[in-house]
Amino acid sequence: MTGKEWSISDEDFTEIMRNEFGIMISYENPRELMKAREALFFYNTIWDFLEQSRWRYDNPELSDEQYLTKNRICRWIDGRLAYFSRLKWGEGK
């Protein structure tokens, strides 16, 4: 699931992005909001994230859950691991 499919208000989405990932976006800017939603992915477990995103292959030394959450790469939101792809986000800026 991506942030596009996440049924949450734009205002709540921007607040979560700011608080959890340190990403400042305006809910009044539809283009920016859509790019941020497209860059957010949800996984059921840390292992799902590591395998499906191929993170552990590209960054084996940076695959520890504590590292990923401390550095705001991933955050636990509503019982799911959320990953915000700064690479995908940067493509839209």
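Miscellaneous remarks
- Residue count for region 52-65, restricted to those that are closer than 16 Å to ALA82 by Cβ and either open to solvent by 50 Å² or more (accessible area, probe 1.4 Å) or out of contact with any strand residue (DSSP E or B) (no Cβ under 9 Å at 6 or more places or on another chain) (or both): 2
- Some residue of region 68-85 being farther than 15 Å from LYS4 by Cβ, among the hydroxyl-bearing types (Ser, Thr, Tyr) and more than 13 Å from the chain's Cα centre (by Cα): no
- Qualifying residue in region 22-41 (condition: at pLDDT below 90 and open to solvent by less than 60 Å² (accessible area, probe 1.4 Å)): yes
The values are calculated or read from the model by the stated rules, or taken from the named source; none is laboratory data. No experiment lies behind these values; they were computed from the predicted model shown. Neighbour counts are summed over all protein chains in view; Cβ atoms, including those assigned to glycine, are modelled from backbone coordinates with ideal geometry. With ligands, DNA and RNA removed, areas are computed over all heavy atoms of the protein, side chains included. Shrake-Rupley method; radii C 1.70, N 1.55, O 1.52, S 1.80 Å.
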